Amino acid sequence: MASVTESTKIAGVFHVVPTVHRDNRGLFVETFRREWIPSGREMIQANRADRAAGCIVGLHYHLHQADYWYVPFGRARVVLHDLRSGSSTDGATEVFDLGTPETGESDHAGVFIPPGVAHGFASLTDMTITYLVDGYYNAADELGVAWDDPDVAADWGVTSPELSARDAANPKRAEIPERLRPAWPMRT
């Protein structure tokens, strides 16, 4: 049975530590079950990204899409920031690592990220991330916040990061127009 707990820092974010079954052949793990996130919708698309150590992806956010992240190879520093106006955790930042720690085996943890919570990761090692989404790609719902915004105040764990042009151009939180600021409660 997986351990599923709601974040104590950002409402609606769920941390999942699944049961890992090991034997002399290796291991088996269920990385996601719909029933783990009662408030979530059906995940309809799966994506994979490989990143070299030292990259930062994000911060991205969506008004209508939730994500579920899992790192099967390597280690990522995850940064989440609540942008939902009216949320009890508006303005909160949460930082944690997913994947294989420097010492020991991975616990195969995942994280559910609801709409309106900005999300990004730094590749602390060469890594692979898989993510499930509950909506198909929609360019109008691909929004961002500056990774280095002092209002986010995140320790990404990398120096001189490699960024995409899109992520380097993301606005600061204070510069986001009100029409692109998610309101709580979210309507999907």
Residues that are touching a residue at least 40 places away in the same chain (Cβ under 8 Å), crowded, with 22+ Cβ neighbours inside 10 Å and touching a Cys at 6+ places or on another chain (Cβ under 7 Å): does the stretch 123-145 have at least one?
yes
From the option list Gly12, Gly104, single residue qualifying as surrounded by 21 or more Cβ atoms within 10 Å (Cβ to Cβ) and either closer than 20 Å to Leu124 by Cα or touching a Gly at 6+ places or on another chain (Cβ under 9 Å) (or both) is Gly12
Residue in the stretch 51-72 that is farther than 23 Å from Pro171 by Cα and at pLDDT below 95 present
yes
Hey, Arg179 over 16 Å from the mean Cα position of the chain (by Cα), without any contact (Cβ under 8 Å) to a residue 12 or more places away in the chain and farther than 26 Å from Trp36 by Cβ or not
yes
Among Gly99, Gly104, Gly116, Gly86, which is in contact with a Phe, Trp or Tyr (Cβ under 6 Å, 6 or more places away or on another chain) and on the phi > 0 side of the Ramachandran plot?
Gly86
Could you say whether any residue in the stretch 162-183 is surrounded by 16 or more Cβ atoms within 10 Å (Cβ to Cβ), assigned to a loop (DSSP other than H, G, I, E, B) and β-branched (Val, Ile, Thr)?
yes
Only strands (runs of 3 or more DSSP E) wholly contained in the stretch 8-98 count here; list those with 1 or more residues that are free of Cβ contacts under 8 Å to residues at least 40 places away in the same chain.
20-23, 26-29
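The values are calculated or read from the model by the stated rules, or taken from the named source; none is laboratory data. Not measured: the values here are computed from a predicted model. Methodologically, a virtual Cβ is constructed for each residue, glycine included, from the backbone with ideal geometry; neighbour enumeration extends over all protein chains shown.
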